[in-house]
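**Student:** Right, I'll just put the structure down here and ask away after.
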Amino acid sequence: MAILQKIKLLTIVRPIKNGFSLHIMVLMLMLLSACSGLRNLPEGEKLYTGADIELEHNEKIGRKKKKNITNVAEGGVRPEPNRSFLGIRPRLWLYQVAGENPESRLGKWIKKKGSPPVLMSQVKPDVTKAIIDARLYNIGIFESYTDYETIEKKRTAKVVYTSDIHTPYTISEVKYSIFIDSLSRLIESVKESSLVEPGEDYNLDILKTERERIDLFLKHRGYFYFSPDYLLFLADTAAEDRSVSLTLILKGGIPESAITVYCIKNVFIDQDYSLSEEVVERTKDTVRHRNNVFRIRGSGMNIKPEAILNSVFLRKGEIYSRRKHNITLNRLMSMGNFKFVQVKLFDSDTSALGYLDVDILMTSMTKRSFRAEMDIVTKSNDFTGPRMNVSLLNRNIFKGAELLYVAMAGSYEAQFGGDENLYSFSLNPNLELTFPRFITPFKIRTENSIYIPKTIVNLSYNYLRRVKYFDMQTIQFGFGYRWRESNLKEHELNPFTLSNTSIRNQSAEFSELLESNPFLKRSYEEQFIAAANYTFVYDDQVLPHKSLQTYLRASVESAGNLFSLGNIISGETPSPENSSSVLGSVYSQYAKFSLDSRVFYSFRDKNKIAVRLFTGVAKPYGNSAVLPYAKQFFSGGSNSIRAFHINSVGPGTFNQDSISIGFLQLGGEIKLEANAEYRFNIYRFFKGALFVDAGNIWLNKSNPETPGSAFAGDKFLSELAAGTGIGIRIDLSFFLLRFDLAMPLRKPWLEDGNRWVIDQINFSDPEWRRDNLILNVAIGYPF
């Protein structure tokens, strides 16, 4: 949900003469000094302000490698000093202003929100320098020596650590010496994928990761009780060229179970498991599925056993595989029917070694859930009104774990402050059915996927009443598939979506407007859309420790080609002047492509830079001269260029205010938009942002009714709209409320050479504020 509200008033306080502003400045400086936290330190103590790392070396070390060494050394510095900004330490000040032993609730609350001073007496440089040397040893600097110096001021002190280093040792060779033949053959078979490579710097963390990689590979092949701790790397540093030879060996004295391949003996499945149960009940009914025997207890939501067993890949008589273990767990969880799934394995009650029993414990969600939502929407075009949505979810409609979602949404909005009494209302019933499998005329094997593929069927109806203008009805049906290739990649394919839009009860005023603008008229003509589309999403934001994260969403869509081919075969040539129809409605024919790419860079203090680039192009052809209105591109608004009203930018240099009648906006066939934000922490769940947005939309061809709207390769950069602003966000993890205050920097509809409006910025002018400042209030980040 996005809400856009125009700023009506901004108060500017001017400095008052006769020295009053000087007094204010002095007072502010005094407050800043008090917030530094230096006045209430214990007697004889100094505040610790942090440490610096300096490197000394007689050899040439590359800049990038030197930076990495510095970062590793800094990771060993203890303790963390009190956080400060421009010399201000607000949390330390809160701790001190509350007093030593506050008695009031307010005082205790303030004390809890503050942080105690980190004193120089608490710092142990001798311990820290040993930690630094140990960390440097782990990255191949085996002969480092760190010393330190304390630098004191009147009330503060810091420590400078100086490390004498050399170039890191490099790996000369990696050998394998595993005394158990079966393990040796397996490990040797995957050495080409080893993370430890000759020529690279020695790094203890990489050696640990390599052991974990081998351990996981062995667990995929039945070695259930193996552990990475059973693998050791022996290092030989005798060479004079600062190289190290590594030999991977098997630790002595490991238990027999660690080198035994385990098979599955029995599989127990419990749909009615409760977290409060102390003993798992294993009295279950026997079910045979795909020549495998399972024992299932409980009806849970009365899901058919086959629907569950399609996602169970730990099967009787097969060798245990950690991969199949994870696939089973993830697929059962992604069904959407269980709030808790646990897979437990334990030694089977047999005299022979090498057999495991499996407990699959599932806690069902409620079969049906009801939800009602209501909110107030305010838009920049002065339309305001309530919106309500009620929905019912059945998580097992056909007893095969199918999800049925039924919703009814309605809204009403009216224009306040306008010259006309305009209002509208809409009703939107929607039905969506999700099957936890592919439904195709041919079989598609999905056993290798850790995620359940889904088939989605959707049917919706939308009735929109624009009072004084028209009634619009849209019926849409869709059938498609959604599946994840990995936790980073997702695909969606809709082989066909059908929609029909019709407009009735057109007023004379609306008809007159359409007659005066043929482009707008063609956009609102009754149209039948039969389209197919495919979307690919790559998102590595799920990797929490990655500082540079990316998001990519590419989508392609085409419509009307099958109908057009049928017309051509029958001897007709579809064209906008000689349009062909299906079921009495003219069908649309177009191709559309869009690309949404984003990059997020996180700093060490958790502040972030976010950049987005959106490009899109669409082309009507054959039976259509104009894109359907719902398929056009728009620019401007709380998730777009925030310094301009929603959907008000473009196309090109055309000014929509010249034809604006409230509800209608002109769209485009080409879109280019870029956004950049610096997101920073303020205090706890309060976040801030500085942002810049730029972009526009265009038409493929010139249009006499909208001059300046056509795209031209040599002019489009000079036709970009631009804006900037500042934002405040309330981030509660599960909910984010966003306030973005923006102003335009560039208005593309002005004459060339006068489009930059930076020199017109005047916060003290009420008229300028009314025309240029826009407050965007929305839920969630803009991108």
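**Student:** Restricting to segment 751-774, what's the tally of residues that are on the phi < 0 side of the Ramachandran plot, in a loop (DSSP other than H, G, I, E, B) and free of Cβ contacts under 8 Å to residues at least 12 places away in the same chain?
**Tutor:** Number of matching residues: 4.
**Student:** Which residue out of K108, K129 is at negative phi, open to solvent by less than 60 Å² (accessible area, probe 1.4 Å) and either β-branched (V, I, T) or part of a helix (DSSP H, G or I) (or both)?
**Tutor:** K129
**Student:** Related question: For segment 207-232, how many residues meet the condition of being surrounded by fewer than 19 Cβ atoms within 10 Å (Cβ to Cβ) and part of a helix (DSSP H, G or I)?
**Tutor:** The total comes to 10.
**Student:** Quick check: is even one residue across segment 617-625 surrounded by fewer than 21 Cβ atoms within 10 Å (Cβ to Cβ) and either without any contact (Cβ under 8 Å) to a residue 12 or more places away in the chain or hydroxyl-bearing (S, T, Y) (or both)?
**Tutor:** Looking for residues that are surrounded by fewer than 21 Cβ atoms within 10 Å (Cβ to Cβ) and either without any contact (Cβ under 8 Å) to a residue 12 or more places away in the chain or hydroxyl-bearing (S, T, Y) (or both), one finds at least one in segment 617-625, hence yes.
**Student:** Could I ask something else about it? When you scan segment 598-605, do you find a residue that is farther than 30 Å from K687 by Cβ, part of a loop (DSSP other than H, G, I, E, B) and either touching a residue at least 24 places away in the same chain (Cβ under 8 Å) or in contact with a Cys (Cβ under 8 Å, 6 or more places away or on another chain) (or both), even just one?
**Tutor:** Looking for residues that are farther than 30 Å from K687 by Cβ, part of a loop (DSSP other than H, G, I, E, B) and either touching a residue at least 24 places away in the same chain (Cβ under 8 Å) or in contact with a Cys (Cβ under 8 Å, 6 or more places away or on another chain) (or both), one finds none in segment 598-605, hence no.
**Student:** Moving on to the next point. Please specify each residue of segment 691-730 satisfying the condition of being open to solvent by 40 Å² or more (accessible area, probe 1.4 Å) and under 25 Å from the mean Cα position of the chain (by Cα).
**Tutor:** V692, I726, I728, I730
**Student:** For segment 320-342, name all the residues that are modelled with pLDDT under 90, farther than 20 Å from S486 by Cβ and either crowded, with 18+ Cβ neighbours inside 10 Å or acidic (D, E) (or both).
**Tutor:** Residues satisfying the conditions are N337, F338.
**Student:** Separate question: What number of residues within segment 368-389 are part of a strand (DSSP E or B) and at pLDDT below 80?
**Tutor:** Count: 8.
**Student:** Looking for something buried (at least 17 other Cβ atoms within 10 Å of the Cβ) and farther than 30 Å from R395 by Cα - is there at least one such residue anywhere in segment 479-499?
**Tutor:** no
**Student:** Which pairs turn up if I take residues in segment 519-538 that are touching a residue at least 60 places away in the same chain (Cβ under 8 Å) and farther than 24 Å from R553 by Cβ and look for partners that are open to solvent by 20 Å² or more (accessible area, probe 1.4 Å) and among the acidic types (D, E) with beta carbon separation below 7 Å, at least 6 apart in sequence or on another chain?
**Tutor:** So the pair list comes out as F519/E705.
**Student:** Still on this structure: Looking at segment 343-364 only, could you name the residues that are open to solvent by less than 60 Å² (accessible area, probe 1.4 Å) and over 14 Å from Y262 (Cα atoms)?
**Tutor:** V343, D359, I360, L361, M362, T363, S364
**Student:** Which condition from (1) assigned to a helix (DSSP H, G or I); (2) under 40 Å from the mean Cα position of the chain (by Cα) is the one that E197 breaks?
**Tutor:** The single condition E197 does not satisfy is (1).
**Student:** If you don't mind, there's one more thing I want to ask. Would you check if V649 is hydrophobic (A, V, I, L, M, F, W, C) and in contact with a Gly (Cβ under 6 Å, 6 or more places away or on another chain)?
**Tutor:** Yes, satisfied.
The values are calculated or read from the model by the stated rules, or taken from the named source; none is laboratory data. Fair warning: this is a prediction, and the values are worked out from it, not measured in the lab. Heads up, the Cβs are rebuilt from the backbone with ideal geometry, glycines too, and the neighbour counts pull from every protein chain shown. Remember, those area values only see protein heavy atoms, side chains included, never the ligands or the DNA or RNA. Shrake-Rupley method; radii C 1.70, N 1.55, O 1.52, S 1.80 Å.
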